[in-house]
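Only one structure is covered here, and it is reproduced in the block below.
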Amino acid sequence: TIGPAEHGRRTYSKMTIDRVPSRKFIHGGASMKRVYDNCCGIDVHKKLIVACFRKGNEQELREFGATTRELLELADWLKSGNCEMIALESTASYWKPLYNVLEASELNTIVVNAHHMKAVPGRKTDAKDAEWIADLLQHGLLKASYIPSKDQRELRELVRYRKSLVGDRAQATVFSIS
């Protein structure tokens with residue numbers, strides 16, 4: 001069930017996972033072992049972030065915007081729920097601001113390549129994608145992409161910026177000679 005809008009975004013009621021048998025992992029007739037009890041799968045888009053926070057056999061779905069204020073609200077929500085691990089789907093570069101906020105909030109976060117996850121069977125929705133990511137994460141079935149350290153990311157950004165300035169300067173020199 002969908003709850004009242006909070007800051008123009010939908011919130012979903014909590015649900016027990018056992019009520020959704022198609023989402024339960026079965027391996028050789030037995031349930032797979034959980035790696036994380038409290039974890040979150042996040043589907044990231046340009047203006048919308050859908051998070052599925054799993055706490056044992058319950059899960060809660062929430063939508064957030066992509067503003068810094070809303071990203072901080074998401075981080076606070078996950079911290080208050082004692083989230084052990086978060087998995088983000090790497091969509092273009094939209095995951096970067098969220099990753100930086102979660103990293104600054106000292107939350108364990110991995111970025112996963114969408115091509116490494118099998119698609120959810122049936123109709124594709126953002127909520128189903130977030131649930132699927134949370135499902136895979138909870139059972140330790142996701143491979144983290146390499147993310148350089150914060151210092152290395154900042155250095156790369158400075159080098160790229162310098163390169164663009166040198167290119168702009170060379171372009172201006174060419175036009176002033178002609």
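The values are calculated or read from the model by the stated rules, or taken from the named source; none is laboratory data. Just so it is clear, the structure is predicted and the values come from calculations on it, not from any experiment. Neighbour counts run over all protein chains shown; Cβ positions are idealised from the backbone, glycine included. Surface areas here come from the heavy atoms of the whole protein model, side chains and all, with no ligands, DNA or RNA. Shrake-Rupley method; radii C 1.70, N 1.55, O 1.52, S 1.80 Å.
Worth pointing out:
- Boolean, residue 112 is at pLDDT 90 or above and in contact with a Lys or Arg (Cβ under 9 Å, 6 or more places away or on another chain): yes
- Residue within region 150-169 that is polar (S, T, N, Q) and modelled with pLDDT under 90 present: no
- Filtering region 37-53 to residues that are within 24 Å of residue 141 (Cα to Cα) and surrounded by fewer than 24 Cβ atoms within 10 Å (Cβ to Cβ) leaves 37, 38, 45, 53.
- Counted as qualifying within region 75-178 are the helices (runs of 4 or more DSSP H) with 3 or more residues that are open to solvent by less than 70 Å² (accessible area, probe 1.4 Å) and either closer than 21 Å to residue 65 by Cβ or in contact (Cβ under 8 Å) with a residue 24 or more places away in the chain (or both), namely 95-104, 126-138.
- Yes/no for residue 1 being closer than 23 Å to residue 98 by Cβ, at pLDDT below 90 and touching a strand residue (DSSP E or B) at 6+ places or on another chain (Cβ under 9 Å): no
- Unique match (being at pLDDT below 95 and either farther than 18 Å from residue 128 by Cα or of a type in the set (D, E, K, R) (or both)) among 76, 18: 18
- Qualifying position, being modelled with pLDDT of 95 or more, among the charged types (D, E, K, R) and touching a helix residue (DSSP H, G or I) at 6+ places or on another chain (Cβ under 6 Å), among 54, 69, 62: 54
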